[in-house]
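Everything on this sheet refers to the single structure shown next.
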Amino acid sequence: MKSPGRTLVTTAAAAVLWAGFPFSAQAAEGLLFYTSEYGPIVLENPTDGLCYSVGNARDPQNSTDRVATVYSEKRCGGNATRLEPGAEGFLSFASVKFSR
């Protein structure tokens, strides 16, 4: 028979694993500059792996410490262009995702 304390610890550990580790999400440090249909925009410290839809954007400048992949379509679809940290692109894009 298991002790109540051991059961509680096991249950708590399982709950943490099931829920994931939301506190472990990493963010790029720095800024992504681009031009939208409304003017200049800055995306600050974006979260890794999250797809950001940016509308009709152009001319991205990746001033983060992560790779920014810009996509020609919403939801990170279509043609992809990889921008290393410090790089800029003279192109149109609709979404962006950051990664190590």
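The values are calculated or read from the model by the stated rules, or taken from the named source; none is laboratory data. This structure is a prediction, so every number in the text was calculated from the model and none was measured. Neighbour counts run over all protein chains shown; Cβ positions are idealised from the backbone, glycine included. Side chains are part of the model used for accessible areas, which takes the heavy atoms of the whole protein and leaves out ligands, DNA and RNA. Shrake-Rupley method; radii C 1.70, N 1.55, O 1.52, S 1.80 Å.
Six or more apart or on different chains, Cβ atoms under 8 Å: show the pairs whose first residue is in the stretch 75-100 and at positive phi and whose second is among the aliphatic types (A, V, I, L, M).
76/96; 78/94
Give the residues of the stretch 29-58 that are within 16 Å of residue 90 (Cα to Cα), touching a residue at least 24 places away in the same chain (Cβ under 8 Å) and open to solvent by 50 Å² or more (accessible area, probe 1.4 Å), sorted by residue number.
Result: 33, 56, 58.
Out of everything in the stretch 70-97 that is aromatic (Phe, Trp, Tyr) and within 15 Å of residue 46 (Cβ to Cβ), what residue ends up being least open to solvent (accessible area, probe 1.4 Å)?
The residue in question is 93.
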